[in-house]
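Everything on this sheet refers to the single structure shown next.
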Amino acid sequence: MTLNAEPPAVIRRSTSGPAGHGSSASPGLALRHPAPHAPHAPHRDASIDAARAACLVVVFALHAMMVGVSVGADGPVLENALEHWAGFAPATWVVQIMPLFFVIGGFAGWSNWRRMQQRGQGAADFVRGRLARLIRPAIALVAVVGAVLAALSVAGMPAETVATAGYRIGQPLWFLAVYIGCSSLVPVMAWLHAWHPLVTAAALLAVVVAVDVARAATGIDGIGFANLLAVWLLVQQGGFFLADGTIERMPRAARLAAAAGAFGVLLALTIGGAYSPDLLMNLNPPTVCLVVLGVAQLALFSLVRPALRRWAERPRPARAVASFGEWGMTLYLWHMPAFVTIAGLLLVLHDVVGLSLPVPLTEEWWASRPLWLVVAALGTTALVRVFARWERGSRRAAATPTATPTATPTAGAFAPTSRRSVPVAVAVIAGAAGVALVLVLGFGPVTSLVALGLLGVALAGSRGSRATGVGRRRAVSRPASADSSAPPRSR
């Protein structure tokens, strides 16, 4: 969601297989050197930036509406306010925008990887840039939330209340853990896409369907979590198809038919009872329904993209969209802490001055939602202003490339660059594990400390080894096909 977004560059695919014979002439297969005449990937695409910003707004509004704060017979109640709303399942067909997030991320990752190749940078450089952008804001979140919840426990707050607050704050972290994995695999997946895009997509789809079938046959929901990577890597491929021009070469009528057909398939899957019609339920664990929804969203987005780009290039919208690009990950990570903090303040005001807290889904509750959204936005803005510097700092760090000799997916993305550096593969695993730890176990003191240690390893890996003077000279003396401008900022 927060990667750089650039317009597509046309890439000629090699006819050789993934073994890479003769692949030096193909920018899709060469993980280090682009083809001598490969076109440059332009820097940005306003429609991608605007779509990312819109997705963030939808996520913010949806999560804000889910916050239910009231006082029952047994004391304070913090709940999902929309859980028992009859209209929620149909609404999820509109507000479930995670597939579009991964399509946008795929487009941005593919484009940024192409630009880095044209500059002579390798896969390890790309992965380090992704980690730097994603890990620093996560470290701030885990450190601050872990410390605050520990202090509240010491101050005498009931353990159940502290646990509920930690659970609510940690819910969105699943996205970050999965996104770290998917972003780190962009060089490998782009290599496979350039070799044979349909075979790559079909293989991923086969895995997704097989996992869903195994889960349904055994009744073991845990099997479905094997799709955490397969589903989102497949949706990410949709972004690759958009970036390489495949989607926009399709007639508009064909894209509209694809969207209608995808919604028809989704309707059949859910009405038949095989899957829940609540598309948020299909997130945990992810199912093939999200892939089908991703096809529909990709097709529709491609249709509105020209108009969206024209709008987003106007001065005022451009400034607003650029703001989301500056602190998008900070907004995503800190909106739930803001909501939980405001909910706690409301409970205090209820006890001190008798503030009325309407029961969720009552008429009074619905009437109070506009004011609640304003307060939630103000509270989130305050936290974003405080913690956005972590995200900006990661961008500056990621903008400094290192010279890393790479030639294959494994060597380029996963090999260490010096004896003193943290191998990129270790950094990726540590980053995803650190986020997953607090997601599963909460923000307890011990859990937070272990998670911070893992995230620290990931951050060290994102910095890589300092290039020697020779390495720097080699990086600068790449062929003239490399872009002469500064390296792309990691977003």
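The values are calculated or read from the model by the stated rules, or taken from the named source; none is laboratory data. Just so you know, these numbers come straight off a predicted model, no measurement behind them. As a convention, Cβ positions derive from the backbone with ideal geometry for all residues, glycine included, and neighbour counts pool all protein chains shown.
Structural remarks
- Residue in segment 296-307 that is modelled with pLDDT under 95 and surrounded by 16 or more Cβ atoms within 10 Å (Cβ to Cβ) present: no
- Qualifying positions in segment 271-294 - closer than 18 Å to Ala214 by Cα and part of a helix (DSSP H, G or I): Val288, Cys289, Leu290, Val291
- Of all residues in segment 225-259, exactly one satisfies the criterion of being touching a strand residue (DSSP E or B) at 6+ places or on another chain (Cβ under 8 Å) and not hydrophobic (A, V, I, L, M, F, W, C), namely Asn227.
- Inspection of segment 91-112 finds a residue satisfying the criterion of being in contact (Cβ under 8 Å) with a residue 40 or more places away in the chain and touching an Asp or Glu at 6+ places or on another chain (Cβ under 6 Å).
- Pairs where the first residue, in segment 199-228, is part of a helix (DSSP H, G or I) and the second is exposed (fewer than 13 other Cβ atoms within 10 Å of the Cβ), C-beta under 8 Å, 6+ apart: Arg215/Asp221
- Segment 327-369 - residue that is more than 30 Å from Trp390 (Cβ to Cβ) and of a type in the set (Ser, Thr, Tyr) and, of those, modelled with the lowest pLDDT: Ser356
- For segment 235-247, the condition of being surrounded by fewer than 21 Cβ atoms within 10 Å (Cβ to Cβ) and either touching a Ser or Thr at 6+ places or on another chain (Cβ under 8 Å) or in a helix (DSSP H, G or I) (or both) holds for none of the residues.
- Evaluating Ala367 against the criteria (1) surrounded by fewer than 15 Cβ atoms within 10 Å (Cβ to Cβ); (2) under 30 Å from Arg249 (Cβ atoms) leaves one unmet condition, (2).
- Tally of residues being among the hydrophobic types (A, V, I, L, M, F, W, C), out of contact with any helix residue (DSSP H, G or I) (no Cβ under 6 Å at 6 or more places or on another chain) and more than 23 Å from Glu83 (Cβ to Cβ) across segment 268-302: 2
- Restricting attention to segment 149-163, the residues being assigned to a helix (DSSP H, G or I) and surrounded by fewer than 18 Cβ atoms within 10 Å (Cβ to Cβ) number 9.
- Test: residue in segment 211-224 that is modelled with pLDDT of 95 or more, more than 21 Å from Trp174 (Cα to Cα), hydrophobic (A, V, I, L, M, F, W, C) and buried (at least 20 other Cβ atoms within 10 Å of the Cβ): no
- Restricted to segment 286-337, and to residues there that are of a type in the set (Ser, Thr, Tyr) and closer than 19 Å to Ala376 by Cα, the residue that is nearest to the chain's Cα centre (by Cα) is Tyr332.
- Inspection of segment 195-209 finds no residue satisfying the criterion of being surrounded by fewer than 21 Cβ atoms within 10 Å (Cβ to Cβ) and at positive phi.
- Residue in segment 60-93 that is surrounded by the most Cβ atoms within 10 Å (Cβ to Cβ), counting only those that are at pLDDT below 95 and among the β-branched types (Val, Ile, Thr): Val69
- Single residue of segment 416-432 satisfying the filter (at pLDDT below 85 and out of contact with any Pro (no Cβ under 9 Å at 6 or more places or on another chain)) that is nearest to Ile180 (Cα to Cα): Ser421
- Some residue of segment 150-171 being among the charged types (D, E, K, R) and closer than 24 Å to Val292 by Cβ: no
- Filter pass, Ser276 being touching a residue at least 40 places away in the same chain (Cβ under 8 Å) and surrounded by fewer than 16 Cβ atoms within 10 Å (Cβ to Cβ): yes
- Hey, Val77 part of a helix (DSSP H, G or I) and under 26 Å from His350 (Cβ atoms) or not: no
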